[in-house]
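In what follows, a single structure is set out as C-alpha cells and then discussed.
Please treat every number below as a calculation from the coordinates, not as lab data. These numbers were taken from a predicted model, which means no experiment stands behind them. We place every Cβ from the backbone using ideal geometry, glycine too, and count neighbours over all the protein chains shown.
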Amino acid sequence: MKKHFLFLALTFTTTLFAQTKTVFLTKFPKTVPIGKKWIVEANKPTKIQVGQGVLNSGSFCNAMFLSNPQIVYNINRGTIYEAESFGIIFKNLEKVPYTNDITYNITPVSFIDKTFSLSKLQTTSPENVGAKKLEFMAGESVFIGNCLESIELVEVSMTPQEILSQKNKTLQLRNKENFINSNLNIPINTEKAVEPGTKPQIQDKNLQYIVFTSTAVLWKKPGKGTSVDESEWTLTLTPKIFEMKSMNYEKKFKVVGVKYDEDFQAQKFELADNNGTHTFDLLLSYSLTSKTYSAIVGSIDFKEEYQFQEVTAKEKEFQK
C-alpha cells in the first residue's frame, strides 16, 4: 500500500513539474499560449535584466532601484498603446555571477499598479501596498518596459475552472461587442417632445466607423467654469474606441456600452478608461433642421463636459 501511495505521489509530482516551465518577457509583446498562464509571485526569487538607465546615477530608474524599499518598473498587460502596467517592490538584490552588469536575481515583495503612491509607504509596509501575485491568462499580451529589459516568469497550466471562467468571460465580451456593433447608430433628434417609447428615426445605421469635425467646443473643466476653445476638433467613433483631439489636446476611450437616451433623443455611448472603468458618456444625434450632428461628451460625475459646435461628418463607413 505504501509503495502504491509513493508511486502516485511521484507520478503527481512529475506531472506537475512537466507542466511548469520558465518564460522570459522582453519589450516585444508575447501572447500567453492557450490553456496556460504566466505567473510571478511575491517571496519567490526571479531573474531580471535592467535597462541602462538603472546604471545611470541620478536617473529615475536608478533612484527607484536603489531606494528603500527597492522598486523597478514595469510589467505590462495589453498593447503598446493601451497597457495596464505594474511595478515590482523587491528585496535580496543579487547580481547573477558570470553574466553581465544588468542581470540580477530579486525576490518580489509586492506588485503595484498605477494607483500606487510612495506616500503609502509612510503608513503601510511594502508587503501590504500591492498584490502578492501577477497572473497573465491565455490569450493576453504581455511585455516589459521602462527600467526593465527582461524578466523571468513561470508558465503553468490553467485549471479546468480557470479555463471555463475565461471561456465565459470571452463569450460575455463577444456578446457585448456584437451588441455595440448592432447599435452603432445615430438617431434623428426631432427637436420637440415625443411620447415615451417612441422609436427614433435613424440618420446613420450600422456604422463601421464615423469621423466628425467640429469648429469649436464649449469646455467645462473640473473645478473651473465653461470656456470656449475655437480649435478645430476631430472626433472618431468605432465599435471599440472613441477619440477626440485637437492641435493641443487628445483623449481616447474604450466603448463599453450603448443605449438610446429618450430624454436627449440621442444614442448614448458609455466610455471607459484603459482599465475598463466607465467614466464618460457620449451623446450623438442628428438635426434635420441644421443638417449637423450634436456631440456632447460628459463625465459621469458631471465635473467635465465637452459640447462640440458645428459638428459635421467628415468620413463614414457602414457595416457590410
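Odds and ends about this structure:
- With θ taken as phi - 60° and the Karplus curve 6.51 cos²θ - 1.76 cosθ + 1.60 applied, the whole-hertz 3J(HN,Hα) list for the stretch 98-111 is 6, 10, 7, 7, 10, 10, 9, 9, 9, 10, x, 9, 6, 10 Hz, x standing for glycine and proline.
- Contact order relative to length of the stretch 204-320, as percent, for alpha carbon pairs under 8 angstrom and 6 or more apart: 29
- In summary, the aspartates and glutamates within cross-link reach of Lys30, defined as a Cα separation below 17 angstrom excluding same-chain residues under 8 places away, comprise Glu82, Glu84, Glu135, Glu140, Glu149, Glu152, Glu155.
- Shape of the stretch 19-161, Cα gyration tensor, a/c cut at 1.5: prolate
- Evaluated with a Cβ-only charge set (Lys, Arg +1; Asp, Glu -1), the stretch 151-246 carries a dipole of roughly 320 debye about its Cα centre, given to the nearest 20.
- Under Karplus coefficients 6.51, -1.76 and 1.60, residue-wise ³J(HN,Hα) of the stretch 134-145 in Hz, glycine/proline x: 10, 10, 10, 8, 3, x, 7, 9, 9, 7, 10, x
- At full extension, Val228 and Lys167 could sit 17.2 nm farther apart than now, given 0.36 nm per residue minus the alpha carbon distance.
- Residue order, fewest to most surrounding Cβ atoms within 10 angstrom, among Met244, Met64: Met64, Met244
- Within the stretch 19-161: Cβ-based charge dipole about Cα centre, in debye rounded to nearest 20 (Lys, Arg +1; Asp, Glu -1): 160
- The chain - Debye-derived log10 I(q)/I(0), Cα point model, q = 0.06, 0.12, 0.15 Å⁻¹: -0.33, -0.97, -1.18
- Each Cα pair under 8 Å and six or more residues apart adds its separation to the average, and for the stretch 205-272 the resulting relative contact order is 21 percent.
- When only Cα pairs below 8 angstrom with a gap of at least 6 residues are kept, the chain shows a relative contact order of 16 percent.
- Taking every alpha-carbon pair in the stretch 167-320 and binning the separations at 5 Å intervals from zero gives 2, 9, 18, 22, 21, 16, 8, 3, 1, 0 percent.
- Residue-averaged 222 nm ellipticity for the chain, from DSSP H runs of 4+ at -39500 (n - 2.57), nearest 500: -5000 deg cm²/dmol
- Prolate/oblate/rounded label for the stretch 68-107 (Cα gyration tensor, a/c 1.5): oblate
- Karplus-based coupling profile of the stretch 40-56, in residue order and whole Hz: 9, 10, 5, 6, 10, x, 9, 10, 9, 10, 9, x, 4, x, 5, 7, 8, with θ = phi - 60° in 6.51 cos²θ - 1.76 cosθ + 1.60 and x standing for Gly or Pro.
- Angle in degrees between helix 160-182 and the longest Cα principal axis of the chain, rounded to the nearest 10: 20
- Pairwise label distance in nanometres, Lys21 with Asn92, each label 7 Å out on the Cα-Cβ vector: 2.6
- Principal-axis tilt of helix 2-18 within the chain, Cα atoms, nearest 10 degrees: 50
- Three-way shape call for the stretch 184-237 based on the alpha-carbon gyration tensor, with the a/c threshold at 1.5: oblate
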